[in-house]
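**Q** One structure, pasted below without further comment.
The values are calculated or read from the model by the stated rules, or taken from the named source; none is laboratory data. Fair warning: this is a prediction, and the values are worked out from it, not measured in the lab. Positions of Cβ are backbone-derived with ideal geometry, glycine not excepted, and every protein chain shown enters the neighbour counts. Only protein heavy atoms, including side chains, enter the accessible area calculation; ligands, DNA and RNA are left aside. Shrake-Rupley method; radii C 1.70, N 1.55, O 1.52, S 1.80 Å.
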Amino acid sequence: MTTMSTGTTMNTGHVRHGSNIGQNFTRREAMLKVTGTARFAADNHPAAMLYAVMAVSSVARGWVTSLDVAAAKAHPGVVEVMTPENAPKLAQHPDDKTSPFSFRIDVLQDARVRYANQPIAVVIAESLEAATEGALLLAPAYAREAVAVGLDDGEWFVPDAVGVGSPPRQGHGDVEAGLRDAARRVDATYATPPHYHNAMEPHAIVAQWDGDTLQLDMPSQGMAIAQGRLAALFGIEPADIVIRSPYLGGGFGGKGLVAGPQVLGIMAAKLVGKPVKLVMRREQLYGPVGHRGMTRQHMRLGADADGGLTAIDHHVVTATSRFDDFFEPSAGVSHALYATPALSTRYDAVRVDTGTPLFVRAPGVASGSVALEAAIDELAEACGMDPLAFRLKNYAETEPLSGKPFTSKALRECYARGAARFGWANRPLAPRAMTDAAGLLTGWGIGTATFPAHMFQANARAEIRADGSGVVDIGAHDMGQGAWTALAQIAADGLSLAMDRLTFHMGTSDLPDGGMAGGSSHTATAGVAIHNATGAAIAALAELAMRDEKSPLFGAGNFGVVSRDGHLYRRDDESRGESYAAILTRAGRASVEGRGQGASDPDVMKKYAAHAHGAVFAEVKVDPDLGQIRATRLVGAFAAGRVINPRMVESQYLGGMIWGVSLALLEEAIMDARTGRPVNGNLADYHVPVNADIPSIEAILVDEHDELVNALGIKGVGEMGITGTAGAIVNAIWHATGVRVRSMPVTLDKLI
Ligand code: MOS
């Protein structure tokens with residue numbers, strides 16, 4: 001990273017002055033999206049392109065014993081059929097584990113079947129129709145083996161690590177003593193089902209080889225990671241792979257890593273020597289591209305006579321595939337939220353015949369939070385306390401597992417603002433105490449929201465040009481969250497320019513690695529990289545001016561300069577300054593450049609814990625005869641440091657809360673225990689909320705100034721909204737009905 005020259009005022013831990021951050025800019029690509037002119041991966045049609053369609057396994061475990069390749073090849077328009085017989089062999093076996101992010105993928109290296117919907121062949125044709133029809137003619141036969149799909153269908157084992165590298169046994173204090181000595185206890189088991197990402201845009205790829213270089217149009221939340229994996233698989237250099245991923249129609253973690261079917265598209269292009277497009281069909285997404293693993297969570301909590309927590313024991317049983325490891329890290333949330341003298345989190349796991357689970361929107365935190373928030377609510381009830389009062393008594397002032405102070409914390413204010421807006425003070429303590437005019441049982445519930453403030457690594461490049469304009473380059477990703485706009489706001493402020501004086505490039509892998517858009521970390525990580533790169537460019541410009549006798553800034557080094565509106569001014573005398581254009585033109589320079597990195601500060605993270613926080617309040621109405629449940633009103637109050645674009649941050653919170661409704665009331669993938677196939681692997685039967693499911697929803701942005709978390713004070717907003725919401729709804733259902741349903745989703749059959 002270019003270091004700052006002395007004498008400038010940048011990079012002192014505060015954002016530079018500017019008028020772009022904090023403004024409600026409309027998405028820069030909004031017009032392109034609403035008019036259908038934004039070019040998503042599958043919209044690309046290079047000359048001579050062929051269409052590839054996967055055939056997938058209808059059995060969950062066994063071998064493919066025959067495929068009628070001749071019939072498919074004889075179909076008009078079919079060019080080639082790729083099977084394990086003729087699939088290009090790879091430079092690295094796809095089962096080799098070379099990094100925590102290299103998950104095993106199924107790309108026709110043998111005839112083994114490891115889960116339902118696994119690719120077993122790819123038909124390549126001149127039209128989508130011909131490829132689709134060709135795939136139907138393959139008539140596969142299988143040797144089947146017995147399948148396991150449930151948490152009790154195999155032997156439990158202790159995973160080496162859960163999530164990405166977290167220990168499977170953690171805690172402090174004597175939990176058994178804490179439970180034994182408690183005046184009130186909860187001992188309850190909660191279940192969450194498998195969830196599939198179901199982004200509107202399926203995984204897709206358009207792949208073109210030119211010798212050993214590869215051009216890819218492919219939605220990606222992590223282009224540099226994908227380049228690395230693909231380079232290893234195909235035996236080429238990462239720099240010889242260009243990925244274009246300007247837009248994603250939803251990522252949700254499912255596009256964080258290059259998916260097996262995308263690799264198949266590249267192999268198909270290699271096999272036929274022409275560009276190939278492969279787009280997954282909706283039902284094919286239920287298998288090879290990851291899902292949220294199911295959990296069963298045994299919660300044991302104790303409280304003393306005054307309602308103070310004495311112990312939390314959070315035991316998770318979860319499932320991974322039979323051939324690879326990813327464990328939904330559901331107990332992590334118990335490390336982060338409530339103060340307890342004794343804490344234990346533990347995992348056991350079982351192998352089942354499904355695809356390998358993966359990160360799905362708030363991995364672990366979503367599924368764990370609903371169990372923790374429901375158990376906390378049950379303990380509040382056991383103590384005879386209002387559930388908000390119970391949380392106010394027990395929320396942590398420091399991170400419970402590590403004991404480190406939070407970089408900042410506005411949770412108390414989130415509780416207060418949300419409760420006031422919702423009208424919580426009028427809530428009767430007892431359940432089944434409210435009925436509306438239509439005779440519907442009405443209940444109010446609360447859930448605490450939290451998400452760790454992760455940062456990965458990112459790089460950026462900034463340039464100031466002789467015409468006074470700026471350019472910022474970063475290989476960042478817009479998966480619908482608004483990165484195109486929010487990161488440009490940071491870039492424009494970094495260069496002290498209006499947005500229309502900035503050219504902002506992102507979304508392709510030939511730009512500096514912008515890091516992964518995951519873990520709600522992207523704005524912080526890419527934003528800090530941009531902040532540092534633009535700071536370096538300003539510093540380089542200031543250096544030029546301060547050494548130039550003709551500049552009013554000559555010799556200002558001892559006092560420093562400030563940048564504003566495309567000008568630099570002496571810090572000690574702001575009447576003395578000049579424009580960027582004047583400095584560069586006089587120096588005969590076309591531009592100056594700066595580079596910067598974004599990552600968390602290890603010294604700060606040694607001493608502090610960084611989390612975002614929030615509180616969600618929910619009203620539900622339940623039909624007393626039919627058990628039909630509606631979430632009728634949701635209010636969330638969230639604090640996540642600096643808000644770059646309030647409109648988009650609000651939108652992220654609302655989206656997260658809707659995912660929470662989905663977790664509590666709707667979403668569930670059901671696997672057939674006999675066949676191992678998804679019973680509801682389509683968007684008609686796999687339920688997600690529609691507008692009619694969300695009558696009233698509000699997100700309050702609570703101000704928070706976090707001077708420690710990073711130079712811009714940004715924490716993630718993408719995933720936190722899910723975390724409090726599902727618990728709030730489940731707790732509201734109890735308050736409406738007096739029934740504790742502990743198995744997600746809470747559907748009417750479980751109430752009556
Ligand atoms: Mo997210 S599951 O980190 O895309």
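**Q** Quick check on region 547-581: of everything there that is without any contact (Cβ under 8 Å) to a residue 40 or more places away in the chain and open to solvent by less than 30 Å² (accessible area, probe 1.4 Å), which residue is nearest to the chain's Cα centre (by Cα)?
**A** Per the stated criteria, the residue is Leu568.
**Q** Shifting gears a bit: Within region 333-340, can one find any residue that is under 30 Å from Phe103 (Cα atoms) and within 16 Å of the ligand (Cβ to nearest atom)?
**A** yes
**Q** Which members of region 557-591 meet the condition of being in a helix (DSSP H, G or I) and aromatic (Phe, Trp, Tyr)?
**A** Listed by number, the list holds a single entry, Tyr580.
**Q** Got a sec? Which of Asp603, Asp548 is part of a loop (DSSP other than H, G, I, E, B) and either within 16 Å of the ligand (Cβ to nearest atom) or farther than 30 Å from Gly721 by Cβ (or both)?
**A** Just a single option satisfies the conditions, and that option is Asp548.
**Q** Can you tell me how many residues in region 252-301 are of a type outside the set (Gly, Ala, Ser) and closer than 30 Å to Leu179 by Cα?
**A** 8
**Q** For residues in region 92-128 being without any contact (Cβ under 8 Å) to a residue 60 or more places away in the chain and part of a strand (DSSP E or B), which is nearest to Phe327 (Cα to Cα)?
**A** Out of the qualifying residues, it is Val113.
**Q** Does Val709 count as outside any helix (DSSP H, G or I), aliphatic (A, V, I, L, M), closer than 30 Å to Asp493 by Cα and under 18 Å from the mean Cα position of the chain (by Cα)?
**A** Criteria not met by Val709.
**Q** I'd like to know if region 693-705 contains one or more residues that are farther than 30 Å from Arg432 by Cβ, in a strand (DSSP E or B) and in contact with a helix residue (DSSP H, G or I) (Cβ under 7 Å, 6 or more places away or on another chain).
**A** yes
**Q** Something else now. Going by the conditions given, is Gln109 of a type in the set (S, T, N, Q) and closer than 27 Å to Asp68 by Cα?
**A** yes
**Q** Does region 72-91 hold any residues that are open to solvent by 30 Å² or more (accessible area, probe 1.4 Å) and not in a loop (DSSP other than H, G, I, E, B), and which are they?
**A** Once the filter is applied, which keeps residues that are open to solvent by 30 Å² or more (accessible area, probe 1.4 Å) and not in a loop (DSSP other than H, G, I, E, B), region 72-91 yields Lys73, Ala74, Val79, Glu80.
**Q** Identify the single condition in (1) outside any loop (DSSP other than H, G, I, E, B); (2) farther than 20 Å from Ile21 by Cβ; (3) within 16 Å of the ligand (Cβ to nearest atom) that Gly518 does not satisfy, given that it satisfies every other one.
**A** Checking Gly518 against (1) outside any loop (DSSP other than H, G, I, E, B); (2) farther than 20 Å from Ile21 by Cβ; (3) within 16 Å of the ligand (Cβ to nearest atom), the one that fails is (1).
**Q** So which pairs qualify, if the first residue must be in region 506-531 and in contact (Cβ under 8 Å) with a residue 12 or more places away in the chain and among the polar types (S, T, N, Q), the second must be away from the ligand (no atom under 16 Å from the Cβ) and open to solvent by 20 Å² or more (accessible area, probe 1.4 Å), the Cβ gap must be under 6 Å, and the two must be at least 6 apart or on different chains?
**A** Between residues of region 506-531 that are in contact (Cβ under 8 Å) with a residue 12 or more places away in the chain and among the polar types (S, T, N, Q) and residues that are away from the ligand (no atom under 16 Å from the Cβ) and open to solvent by 20 Å² or more (accessible area, probe 1.4 Å), the close pairs are Thr508/Arg244; Ser509/Gln227; Ser509/Val242.
**Q** Then there's this: Looking at Val276 and the list (1) within 16 Å of the ligand (Cβ to nearest atom); (2) open to solvent by less than 20 Å² (accessible area, probe 1.4 Å), which single condition is not satisfied?
**A** The number of the failed condition is (1).
**Q** Tally up the residues in region 20-44 that are over 22 Å from the mean Cα position of the chain (by Cα), closer than 22 Å to Gln215 by Cβ and of a type in the set (Phe, Trp, Tyr), please.
**A** 0
**Q** While we're looking at this one, here's another question. Sort through Leu285, Leu309 and tell me the only one that's within 16 Å of the ligand (Cβ to nearest atom) and of a type in the set (A, V, I, L, M, F, W, C).
**A** Testing whether each residue is within 16 Å of the ligand (Cβ to nearest atom) and of a type in the set (A, V, I, L, M, F, W, C) leaves just Leu285.
**Q** Do any helices (runs of 4 or more DSSP H) lying entirely in region 363-428 carry at least 3 residues that are more than 16 Å from the ligand (Cβ to nearest atom) and more than 29 Å from Glu707 (Cβ to Cβ), and which ones are they?
**A** Correct list: 365-382, 387-394.
**Q** List every residue pair whose Cβ atoms lie under 6 Å apart, where the two residues are 6 or more positions apart in sequence or sit on different chains, the first residue falls within region 702-724 and is farther than 18 Å from Ala416 by Cα, and the second residue, located anywhere, is of a type in the set (Phe, Trp, Tyr) and away from the ligand (no atom under 16 Å from the Cβ).
**A** What qualifies is Leu708/Tyr608.
**Q** Working only within region 640-673, note down all residues that are outside any helix (DSSP H, G or I) and under 20 Å from His454 (Cα atoms).
**A** Of everything in region 640-673, those that are outside any helix (DSSP H, G or I) and under 20 Å from His454 (Cα atoms) turn out to be Ala640, Gly641, Arg642, Val643, Ile644, Asn645.
**Q** Anything in region 163-186 that is at pLDDT 95 or above, within 30 Å of Ser321 (Cα to Cα) and either assigned to a strand (DSSP E or B) or open to solvent by 50 Å² or more (accessible area, probe 1.4 Å) (or both)? List them, or say none.
**A** Ser166, Pro167, Arg169, Gln170, Gly171
**Q** Going residue by residue through region 461-484, is there one that turns out to be within 16 Å of the ligand (Cβ to nearest atom), part of a helix (DSSP H, G or I) and open to solvent by less than 10 Å² (accessible area, probe 1.4 Å)?
**A** Yes; the residues of region 461-484 include at least one that is within 16 Å of the ligand (Cβ to nearest atom), part of a helix (DSSP H, G or I) and open to solvent by less than 10 Å² (accessible area, probe 1.4 Å).
**Q** Would you point out which residue out of Glu397, Glu378, Glu413, Glu373 is open to solvent by 30 Å² or more (accessible area, probe 1.4 Å) and modelled with pLDDT of 95 or more?
**A** Of the residues listed, the single one that is open to solvent by 30 Å² or more (accessible area, probe 1.4 Å) and modelled with pLDDT of 95 or more is Glu413.
**Q** Additional query: Within the set of pairs 6 or more residues apart or between chains, which connect a residue that is farther than 17 Å from His315 by Cα inside region 157-185 to a residue that is among the acidic types (Asp, Glu) and surrounded by fewer than 14 Cβ atoms within 10 Å (Cβ to Cβ) with Cβ atoms less than 9 Å apart?
**A** Partner pairs satisfying both residue conditions: Ala183/Asp306.
**Q** Evaluate region 204-216: report whether one residue or more is surrounded by 20 or more Cβ atoms within 10 Å (Cβ to Cβ) and within 16 Å of the ligand (Cβ to nearest atom).
**A** No - not one qualifying residue is present in region 204-216.
**Q** Give the residues of region 289-331 that are surrounded by 22 or more Cβ atoms within 10 Å (Cβ to Cβ) and small (Gly, Ala, Ser), sorted by residue number.
**A** Of everything in region 289-331, those that are surrounded by 22 or more Cβ atoms within 10 Å (Cβ to Cβ) and small (Gly, Ala, Ser) turn out to be Gly290, Gly293, Gly302, Ala303, Ala311, Ala319, Ser330, Ala331.
For (1) open to solvent by 10 Å² or more (accessible area, probe 1.4 Å); (2) within 11 Å of Gly507 (Cβ to Cβ); (3) away from the ligand (no atom under 16 Å from the Cβ), each residue gets a yes or a no:
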{"residue": "Met223", "(1), (2), (3)": "no, yes, no"}
{"residue": "Ala231", "(1), (2), (3)": "no, no, yes"}
{"residue": "Ile236", "(1), (2), (3)": "yes, no, yes"}
{"residue": "Ser245", "(1), (2), (3)": "no, yes, no"}
{"residue": "Gly249", "(1), (2), (3)": "yes, no, no"}
{"residue": "Phe252", "(1), (2), (3)": "yes, no, no"}
{"residue": "Lys255", "(1), (2), (3)": "no, no, no"}
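**Q** Now for a separate question. Pull up region 734-751, narrow it to residues that are of a type in the set (A, V, I, L, M) and within 22 Å of Ala669 (Cα to Cα), then point me to the one that is surrounded by the fewest Cβ atoms within 10 Å (Cβ to Cβ).
**A** Going through the qualifying residues, I end up with Leu748.
**Q** Looking only at region 324-368, which residues are over 20 Å from Tyr395 (Cα atoms) and hydroxyl-bearing (Ser, Thr, Tyr)?
**A** Tyr347, Thr354, Thr356, listed by residue number.
**Q** Looking only at residues that are open to solvent by less than 10 Å² (accessible area, probe 1.4 Å) and among the hydrophobic types (A, V, I, L, M, F, W, C) in region 337-355, which one is farthest from Val164 (Cα to Cα)?
**A** Filtering first and then ranking leaves Ala342.
**Q** A further question on this structure: Among the residues of region 122-162, how many are within 30 Å of Asp348 (Cα to Cα) and buried (at least 19 other Cβ atoms within 10 Å of the Cβ)?
**A** 6
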